[in-house]
Each structure stands twice: as C-alpha cells, then as structure tokens.
Amino acid sequence: FKVDNTSCCTTERMLCVNGSTPCANRTEYVYFDSVHPTEPVYLMMATQAYESELPNQVYPFNVKQLANLTTSISTTTSGAVELPAFLAS
C-alpha cells in the first residue's frame, strides 16, 4: 500500500463526510475512513483467516479447517451434552 497514514475520503467524526467523493485509487490506501480498512485490506485479512497456518494468526483452526471439521455432539443418558474433546478443554 502506498498510503497508510490517511484515509481515502474526507472524514468527520472518524467517518466519511456524507456526499464526499472517495479517492479514485482506493487500492493504494489502507483505510477507507478513519475506522474501516479498504477492500484490499479486508481481502488480505479474510485470506489469512481462511488459509493461514500460522498460530499467531489463526488458532486453533483457520476457517478452511473449521469448515471441514466433522464432529458429533452426543448426549449422555441423563440428557447432558457431551462436547468433543477439543471443545471440552
């Protein structure tokens, strides 16, 4: 990103001023307004959440692993829910 110290639009109270024109080169900015990242930043974050293997980014699972997780939740004879071991700890 070329611009990481200002937003892509004119802001007031941290959000874009109503009716203001955002920058034409949004892909060069980290922030759309003072609070929200631009679409390329969200895409990076979503990609990392989905497929990263780094424990400091996704722990204990990334979204891809979580979506493919198969498990069953059973009940005991008393009707209490028994969680799978990885959820019980």
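The values are calculated or read from the model by the stated rules, or taken from the named source; none is laboratory data. Nothing here was measured: the structure is a model prediction, and the numbers come from that model. Here the Cβ positions follow ideal geometry from the backbone for every residue, glycine too, while neighbour counts run over all protein chains shown. Surface areas here come from the heavy atoms of the whole protein model, side chains and all, with no ligands, DNA or RNA. Shrake-Rupley method; radii C 1.70, N 1.55, O 1.52, S 1.80 Å.
Would you point out the residue of the stretch 22-57, among those that are within 20 Å of PHE1 (Cβ to Cβ) and among the hydroxyl-bearing types (Ser, Thr, Tyr), that is surrounded by the most Cβ atoms within 10 Å (Cβ to Cβ)?
Checked the stretch 22-57; the qualifying residue surrounded by the most Cβ atoms within 10 Å (Cβ to Cβ) is TYR29.
Among residues belonging to the stretch 59-84 that are open to solvent by 90 Å² or more (accessible area, probe 1.4 Å) and not in a loop (DSSP other than H, G, I, E, B), point out the one that is modelled with the lowest pLDDT.
THR75
Mind listing whichever residues of the stretch 1-56 are out of contact with any Asp or Glu (no Cβ under 9 Å at 6 or more places or on another chain), farther than 28 Å from ALA67 by Cβ and not in a loop (DSSP other than H, G, I, E, B)?
If the condition is that a residue be out of contact with any Asp or Glu (no Cβ under 9 Å at 6 or more places or on another chain), farther than 28 Å from ALA67 by Cβ and not in a loop (DSSP other than H, G, I, E, B), then ASP4, ASN5, THR6, GLU12, GLU28 are the ones that fit.
It is to be established whether one or more residues within the stretch 40-58 are touching a Ser or Thr at 6+ places or on another chain (Cβ under 7 Å) and modelled with pLDDT of 95 or more.
There is at least one residue in the stretch 40-58 that is touching a Ser or Thr at 6+ places or on another chain (Cβ under 7 Å) and modelled with pLDDT of 95 or more.
Of everything in the stretch 1-11, what is over 12 Å from HIS36 (Cα atoms) and surrounded by 12 or more Cβ atoms within 10 Å (Cβ to Cβ)? Give them in sequence order.
PHE1, VAL3, THR10
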